[in-house]
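To keep things clear, I will list the structure first and then write my remarks on it.
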Amino acid sequence: MSATEDRVRALFREHLDADRDPDFGVGLGDSGISSMDAVKFVKACGEAFGVEMRAEDVADFQSLGDVVKYLDANAG
C-alpha cells in the first residue's frame, strides 16, 4: 500500500465518518457515498495534497484508486 493510499484512507474515515476501510477498486457512488459527500471528500483530498480538484473532476474518477493515481500524478 502506498503512502498516498494511507493518507486517502485516513481522509476517507475522517471526512465521511466511515468506520470501515475504503475499497480502492470501487467508485465512490458504489460505496454508498452521496454525490455531495463525494465532492467534499475529493476536494478535501486535493487540499491535503496541495492539488486543485474541482467538483467536475469527481465524475472523471471511476474508482477511489483513480483519485489516488490523480493525486500521485499531480501532487507537488
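State the number of residues belonging to region 24-61 that are touching a residue at least 40 places away in the same chain (Cβ under 8 Å) and closer than 14 Å to THR4 by Cα. Explain how you work it out, then say what you get.
Initially, region 24-61 is screened for residues touching a residue at least 40 places away in the same chain (Cβ under 8 Å), giving 24-25, 48-49.
The next check asks that each one be closer than 14 Å to THR4 by Cα; those that pass are 24, 48-49.
Final tally of qualifying residues: 3.
Just one of (1) in a helix (DSSP H, G or I); (2) under 16 Å from LEU71 (Cβ atoms) trips up ASP30, so point out which.
(2)
For region 27-51, name all the residues that are surrounded by 19 or more Cβ atoms within 10 Å (Cβ to Cβ) and either small (Gly, Ala, Ser) or touching a strand residue (DSSP E or B) at 6+ places or on another chain (Cβ under 6 Å) (or both).
ALA38, GLY46 - these are the residues of region 27-51 that are surrounded by 19 or more Cβ atoms within 10 Å (Cβ to Cβ) and either small (Gly, Ala, Ser) or touching a strand residue (DSSP E or B) at 6+ places or on another chain (Cβ under 6 Å) (or both).
Against the definition (surrounded by 17 or more Cβ atoms within 10 Å (Cβ to Cβ) and either in contact with a Ser or Thr (Cβ under 6 Å, 6 or more places away or on another chain) or among the basic types (Lys, Arg) (or both)), how does ARG54 come out, yes or no? Spell out how you get there, then give the answer.
Working: surrounded by 17 or more Cβ atoms within 10 Å (Cβ to Cβ): no; either in contact with a Ser or Thr (Cβ under 6 Å, 6 or more places away or on another chain) or among the basic types (Lys, Arg) (or both): yes.
Criteria not met by ARG54.
Quick check: anything in region 48-57 modelled with pLDDT of 90 or more, assigned to a helix (DSSP H, G or I) and at negative phi?
Within region 48-57, one or more residues are modelled with pLDDT of 90 or more, assigned to a helix (DSSP H, G or I) and at negative phi.
Mind listing whichever residues of region 62-74 are surrounded by fewer than 19 Cβ atoms within 10 Å (Cβ to Cβ), without any contact (Cβ under 8 Å) to a residue 60 or more places away in the chain and under 12 Å from VAL8 (Cβ atoms)? Give the derivation first.
First, pick out the residues of region 62-74 that are surrounded by fewer than 19 Cβ atoms within 10 Å (Cβ to Cβ): 62-63, 65-66, 69, 72-74.
When the remaining residues are screened for being without any contact (Cβ under 8 Å) to a residue 60 or more places away in the chain, the result is 62-63, 65-66, 69, 73-74.
Scanning region 62-74 gives SER63, GLY65, ASP66, LYS69.
Between a first residue in region 2-13 that is not in a helix (DSSP H, G or I) and a second residue that is not aliphatic (A, V, I, L, M), which pairs have beta carbons less than 8 Å apart while being 6 or more apart in sequence or on different chains?
If the second residue must be not aliphatic (A, V, I, L, M), the pairs left are SER2/ASP72.
If you check ALA44, ALA18, which single one turns out to be of a type in the set (A, V, I, L, M, F, W, C) and assigned to a helix (DSSP H, G or I)?
Numbers: ALA18 fails: assigned to a helix (DSSP H, G or I).
Of the residues listed, the single one that is of a type in the set (A, V, I, L, M, F, W, C) and assigned to a helix (DSSP H, G or I) is ALA44.
Take region 7-26 and flag every residue that is among the small types (Gly, Ala, Ser) and either modelled with pLDDT of 85 or more or surrounded by fewer than 11 Cβ atoms within 10 Å (Cβ to Cβ) (or both). Walk me through how you get there before you give the answer.
Step one: filter region 7-26 for residues among the small types (Gly, Ala, Ser), giving 10, 18, 25.
Those that are among the small types (Gly, Ala, Ser) and either modelled with pLDDT of 85 or more or surrounded by fewer than 11 Cβ atoms within 10 Å (Cβ to Cβ) (or both): ALA10, GLY25.
Could you list, in sequence order, all residues of region 58-76 that are in a loop (DSSP other than H, G, I, E, B) and among the small types (Gly, Ala, Ser)?
Applying the first criterion (in a loop (DSSP other than H, G, I, E, B)) to region 58-76 yields 61-63, 75-76.
The answer is SER63, ALA75, GLY76.
The values are calculated or read from the model by the stated rules, or taken from the named source; none is laboratory data. Just so it is clear, the structure is predicted and the values come from calculations on it, not from any experiment. Please note: Cβ atoms are built from the backbone with ideal geometry, for glycine as well, and neighbour counts cover all protein chains shown.
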